[in-house]
Amino acid sequence: MKHHASYDEYEVHYPDNFMYSLNEDVIIDSPDGKHPMDTCVFECTADSFMYRVNNSLTDFHYKYHRARPLRVRFDHGCKLLTDKKYIIKSYRLGYLRQPEEITLLHPHDEYKEFEENVLYEIIKMAAQMYVEN
């Protein structure tokens, strides 16, 4: 965690196979650890987050044991920002990952990336595309 003049910053590195974020949830808490709360993050850009930090009316600021940390994404992860009046206890990321590549190195190995019903749909769509072309 890094401390800045008006906010604290937590750095998160995404997994190597990260492709697309589906949901991001955090558990925040008061510094005394007596008010945990499950909430989501507020997406910001590197250009826009200071407006929310400086505006005391935004939900970034901790009031009545509630707040939403700001999330600023960078190349391989993100930074989560709090107003120094609450801490982030945990961060949960639901994401789409890049599937394992299909190769012909071991053609008889079973491909286990997808459930059987999903594989059936992929094969059906591939067959349809082949017939149409």
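Within the stretch 1-12, being without any contact (Cβ under 8 Å) to a residue 24 or more places away in the chain and assigned to a strand (DSSP E or B) holds for one residue alone: LYS2. Of the candidates TYR91, TYR51, the single residue that is outside any loop (DSSP other than H, G, I, E, B) and within 18 Å of HIS4 (Cβ to Cβ) is TYR51.
Would you mind stating whether SER56 is out of contact with any Asp or Glu (no Cβ under 7 Å at 6 or more places or on another chain) and either charged (D, E, K, R) or under 14 Å from LYS85 (Cα atoms) (or both)? Considered against the rule, which asks whether it is out of contact with any Asp or Glu (no Cβ under 7 Å at 6 or more places or on another chain) and either charged (D, E, K, R) or under 14 Å from LYS85 (Cα atoms) (or both), SER56 comes out as yes.
Select from the stretch 88-101 the residues that are free of Cβ contacts under 8 Å to residues at least 24 places away in the same chain and surrounded by 10 or more Cβ atoms within 10 Å (Cβ to Cβ) and write down the one among them that is farthest from ASP32 (Cα to Cα). It comes out as GLU100. Taking first residues from the stretch 19-43 that are polar (S, T, N, Q) and partners that are part of a loop (DSSP other than H, G, I, E, B) and surrounded by 13 or more Cβ atoms within 10 Å (Cβ to Cβ), the Cβ contacts under 7 Å between residues at least 6 apart in sequence or on separate chains come to SER30/HIS65; SER30/TYR86; THR39/ARG68. In summary, LEU80 fulfils each of the numbered conditions (1) in a loop (DSSP other than H, G, I, E, B); (2) touching a Lys or Arg at 6+ places or on another chain (Cβ under 9 Å); (3) closer than 30 Å to HIS3 by Cα with the single exception of condition (1). Pairs linking a residue in the stretch 51-78 that is more than 22 Å from TYR14 (Cβ to Cβ) to a residue that is buried (at least 19 other Cβ atoms within 10 Å of the Cβ) and among the hydroxyl-bearing types (Ser, Thr, Tyr), with Cβ atoms under 6 Å and 6 or more positions apart or on different chains, are VAL53/TYR7; TYR62/TYR86; ALA67/TYR86.
If you go through the stretch 31-56 and keep only what is polar (S, T, N, Q), at pLDDT below 95 and either within 20 Å of the chain's Cα centre (by Cα) or surrounded by 14 or more Cβ atoms within 10 Å (Cβ to Cβ) (or both), you end up with THR45, SER48.
Taking the criterion of being of a type in the set (Lys, Arg) and within 31 Å of the chain's Cα centre (by Cα), the only residue of the stretch 102-127 that qualifies is LYS112.
Can you tell me which residues in the stretch 94-122 are outside any loop (DSSP other than H, G, I, E, B), of a type outside the set (Gly, Ala, Ser) and within 30 Å of CYS40 (Cβ to Cβ)? Correct list: TYR95, LEU96, ARG97, VAL118.
Taken as a whole, the condition of being part of a loop (DSSP other than H, G, I, E, B) and touching a residue at least 60 places away in the same chain (Cβ under 8 Å) applies to PRO15.
The values are calculated or read from the model by the stated rules, or taken from the named source; none is laboratory data. From a predicted model like this one, the values you see are computed outputs, not experimental measurements. Note that we place each Cβ from the backbone using ideal geometry, even for glycine, and neighbour counts take in every protein chain shown.
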